[in-house]
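**Student:** Take this structure, written in structure tokens, and hold onto it; I'll ask about it next.
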């Protein structure tokens, strides 16, 4: 049975190219709802509905060149790695980055 999760759909929709950048991994205590919610809003964005209107705030993962690799792991191009690092530090999220080249083959 094939699952059609959002992360799988997102990965399949991304263009296959080789990119240099950083693999970033982080750890946040999921029991700390306030902390983990802030991180999730930053990474995945959010949609708010007020007065019959919908407001969409895109997350970091929707920026060009950013790839979601798995739970608590993403790939960021050099141009965005510093911004990601600053935000994770500001949110006091324990994280680590490693330089890497990611190549995505066509599905």
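The values are calculated or read from the model by the stated rules, or taken from the named source; none is laboratory data. All figures in this text were calculated on a predicted structure; none of them were measured in a lab. Cβ: placed from backbone, ideal geometry, glycine included. Neighbour counts: every protein chain shown.
**Student:** Quick check on residue 74: is it touching a helix residue (DSSP H, G or I) at 6+ places or on another chain (Cβ under 8 Å) and closer than 10 Å to residue 22 by Cα?
**Tutor:** Judged against the criteria, residue 74 is a match.
**Student:** I would also like to ask the following. Taking residue 102 and the conditions (1) part of a strand (DSSP E or B); (2) surrounded by 14 or more Cβ atoms within 10 Å (Cβ to Cβ); (3) modelled with pLDDT of 90 or more, which numbered condition does it fall short on, given that it satisfies the others?
**Tutor:** Looking at each condition in turn, residue 102 falls short on (3).
Condition check ((1) out of contact with any helix residue (DSSP H, G or I) (no Cβ under 7 Å at 6 or more places or on another chain); (2) more than 10 Å from residue 22 (Cα to Cα)) across all residues:
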position	(1), (2)
49	yes, yes
57	yes, yes
78	yes, no
87	no, yes
93	no, yes
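**Student:** Quick one: which helices (runs of 4 or more DSSP H) sit completely within the range 1-97 and have at least 1 residues that are touching a strand residue (DSSP E or B) at 6+ places or on another chain (Cβ under 6 Å) and at pLDDT 90 or above?
**Tutor:** 78-90
**Student:** OK, next. Cβ-Cβ under 9 Å, sequence separation 6+ or interchain: first residue in the range 59-82 and at negative phi and free of Cβ contacts under 8 Å to residues at least 40 places away in the same chain, partner part of a strand (DSSP E or B) and surrounded by fewer than 17 Cβ atoms within 10 Å (Cβ to Cβ). Which pairs?
**Tutor:** These pairs meet every condition: 59/45; 59/46; 60/45; 62/45.
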